[in-house]
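J.: Just passing along the structure, written as structure tokens.
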Amino acid sequence: MIIPWQDVDTETLNNLLESVVLREGTDYGSQEMSFDTKVEQLKEQVKSGEAVIVYSELHESVDVVPKDSVTGNADDEQ
């Protein structure tokens, strides 16, 4: 199920984005970015619609994924 970022409390959204960035690992190619920069970039992707917040009832988890990676089934669960 896709969760609109506007429906998420600001502090909760920030905590979620930080958690996702921490899970990504440390390999970011030839350019290293600060943690805060990575979080801000992810926030901009969510706000622009490039990425979406997805809740999995099956796994009882929340993640942020590229919008084009979400199947039509996830949209149907809204």
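The values are calculated or read from the model by the stated rules, or taken from the named source; none is laboratory data. All of these numbers come straight from a predicted model, not from anything done at the bench. Cβ sites come from the backbone with ideal geometry, for glycine too, and all protein chains shown count toward neighbours. For accessibility, only protein heavy atoms count, side chains too; no ligands or nucleic acids. Shrake-Rupley method; radii C 1.70, N 1.55, O 1.52, S 1.80 Å.
J.: Across region 9-32, which residue is modelled with the highest pLDDT among those that are open to solvent by 90 Å² or more (accessible area, probe 1.4 Å) and assigned to a loop (DSSP other than H, G, I, E, B)?
T.: Of everything passing the filter in region 9-32, Asp9 is modelled with the highest pLDDT.
J.: Still on this structure, please answer the following. List pairs: first residue in region 4-22 and within 20 Å of Val70 (Cα to Cα), second residue open to solvent by 90 Å² or more (accessible area, probe 1.4 Å) anywhere in the structure, Cβ distance under 7 angstrom, at least six positions apart or on different chains.
T.: Trp5/Lys47
J.: For region 33-60, what are the residues that are in contact with a Phe, Trp or Tyr (Cβ under 9 Å, 6 or more places away or on another chain) and either at pLDDT below 95 or open to solvent by 70 Å² or more (accessible area, probe 1.4 Å) (or both)?
T.: Lys38, Lys47, listed by residue number.
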